[in-house]
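Chemist: I have a structure here, written as structure tokens, and I will follow up with some questions on it.
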Amino acid sequence: MKTLVTGAAGFIGTALSNRLIQQGDQVVGLDNLFTGSPDGLLPEVELIQGDINDRELLWKILQGVDCVFHLAAKAIVPNSILYPREYEEVNVGGTVTLLEAMRDVGISRMVFASSGAIYGLQSRQPLKEKATKPKPASPYAVSKLASEYYINTIGRLWGLEAVCLRIFNAYGPRQNFSFAHAPVIPTFLRLAASQGTVIIHGDGHHTRDFVYIDDVIEALISASKLNNCRELVINVGSGIETSVTDVLELARKITGGSPEVVYNPRRPGGPDRMRADLTLANQILNFYPKTSFEEGMAKTFELDRRLHKNSASLNHK
Ligand SMILES: NC(=O)c1ccc[n+]([C@@H]2O[C@H](COP(=O)([O-])OP(=O)(O)OC[C@H]3O[C@@H](n4cnc5c(N)ncnc54)[C@H](O)[C@@H]3O)[C@@H](O)[C@H]2O)c1
């Protein structure tokens, strides 16, 4: 089996590419290294440095590919509010460029990394693929929803076998983070370990559905094996709501640190609550997340040396 992973040098792309190699696949990765780094990839992954909107490059690297995992994207929500045009160009334009190139080369199987962010602010939880009407609250979320529509519409017209996975908050070792982009789990673990100052936007009661990287990879691989899939959109989360305050408490416990905590007015772009309904994922992907939040946080801290007190290797990109 030969697979193309776009965004292969990113957090999820690296874990997925390495896992595909370990299961015996041939993996070609495409990444422009905008936020990604080739450092974590196994040497067997053939990484091509290039842009998702480069049609000629896509024609070349798609030759002989059986399945495409499309993960390349700009994925920093606050930046999308500042630079929506770039998010449209890479996330939506890149998806359509890839779809055209797949048609030209004759490849019909795709798994797309969509996002739970498309749901936005909702009064009812859990969030259901069919029953919950998307209310994207950022250009990033709009770009993911637009990509889903392109994939489903073009997929129907051209006979693609495509699955869109609405991934909620993925976390784990090697998650991409910097001062400008501070996902809550690595940031809290690092600040707790170094007795730093944690800034909580809002009162800390807002919740997210955190899903460990190994479980996300399971879902992506299961989705790639589905047959006769048309217009399939499936949530991938833990199915559990965890508050930001709970993340902080666990970070304290795991690291043994006692960071200072400062509460700040909330930044725009984030809903109060998020929990994925996993009924479809259970039924269609046989997806049952295996890693508990406590276990996932502990593993993240143990395996990611950047989070430890004396580490100077934070990715500042
Ligand atoms: N991490 C999460 O919690 C999460 C949740 C929902 C959806 N997703 C989606 O999953 C995918 C992977 O997320 P991630 O957390 O690994 O993010 P990431 O930023 O680590 O990975 C994205 C990769 O895409 C590459 N890239 C960006 N622009 C590109 C371009 N023009 N051409 C080629 N490559 C380009 C980046 O260099 C990076 O390596 C993204 O599409 C993201 O939107 C992630």
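The values are calculated or read from the model by the stated rules, or taken from the named source; none is laboratory data. Since we're looking at a predicted model, the values are computed, not measured. No Cβ is skipped: glycine too gets one built from the backbone with ideal geometry, and neighbour counts run over all protein chains shown.
Chemist: Any residue at all in region 156-179 that's crowded, with 22+ Cβ neighbours inside 10 Å and more than 23 Å from residue 222 (Cα to Cα)?
Modeler: Yes, the conditions are met somewhere in region 156-179.
Chemist: Now for a separate question. Would you say residue 101 is closer than 23 Å to residue 233 by Cα, in contact (Cβ under 8 Å) with a residue 60 or more places away in the chain and surrounded by 20 or more Cβ atoms within 10 Å (Cβ to Cβ)? If you could, list the steps in order and put the result at the bottom.
Modeler: Working: closer than 23 Å to residue 233 by Cα: yes; in contact (Cβ under 8 Å) with a residue 60 or more places away in the chain: no; surrounded by 20 or more Cβ atoms within 10 Å (Cβ to Cβ): yes.
So residue 101 fails the test.
Chemist: I want to confirm something. Restricting to region 162-186 and keeping residues that are more than 12 Å from the ligand (Cβ to nearest atom) and at pLDDT 95 or above, which single residue is farthest from the chain's Cα centre (by Cα)? If you could, list the steps in order and put the result at the bottom.
Modeler: Taking region 162-186 first, the residues more than 12 Å from the ligand (Cβ to nearest atom) are 162-163, 173, 179-180, 182.
The next check asks that each one be at pLDDT 95 or above; those that pass are 162-163, 173.
On the way: 162: 17, 163: 15, 173: 13 Å.
The selected residue is 162.
Chemist: Still on this structure: Name the pairs: first residue in region 75-89 and surrounded by 15 or more Cβ atoms within 10 Å (Cβ to Cβ), second residue aromatic (Phe, Trp, Tyr), Cβ to Cβ under 6 Å, at least 6 apart or on different chains?
Modeler: Matching pairs, first to second residue: 77/140; 80/87; 80/140; 87/140.
Chemist: Additional query: Suppose the filter is among the β-branched types (Val, Ile, Thr) and under 23 Å from residue 165 (Cβ atoms); does residue 81 pass it?
Modeler: So residue 81 fails the test.
Chemist: Now, a different point. Just to check your reading of the model, which residue among 144, 130 is at pLDDT 95 or above and either more than 18 Å from the chain's Cα centre (by Cα) or not basic (Lys, Arg) (or both)?
Modeler: None of the other options fit; the residue is 130.
Chemist: Just one of (1) part of a loop (DSSP other than H, G, I, E, B); (2) modelled with pLDDT of 95 or more trips up residue 258, so point out which.
Modeler: (2)
Chemist: Within region 1-17, take every residue that is surrounded by 18 or more Cβ atoms within 10 Å (Cβ to Cβ) and over 16 Å from the mean Cα position of the chain (by Cα) and give me the one that is nearest to the ligand (Cβ to nearest atom).
Modeler: 4
Let's see how each residue does on (1) β-branched (Val, Ile, Thr); (2) touching a His at 6+ places or on another chain (Cβ under 6 Å); (3) free of Cβ contacts under 8 Å to residues at least 24 places away in the same chain; (4) at negative phi:
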{"site": "108", "(1), (2), (3), (4)": "no, no, no, yes"}
{"site": "118", "(1), (2), (3), (4)": "yes, no, no, yes"}
{"site": "121", "(1), (2), (3), (4)": "no, no, no, yes"}
{"site": "125", "(1), (2), (3), (4)": "no, no, no, yes"}
{"site": "136", "(1), (2), (3), (4)": "no, no, yes, yes"}
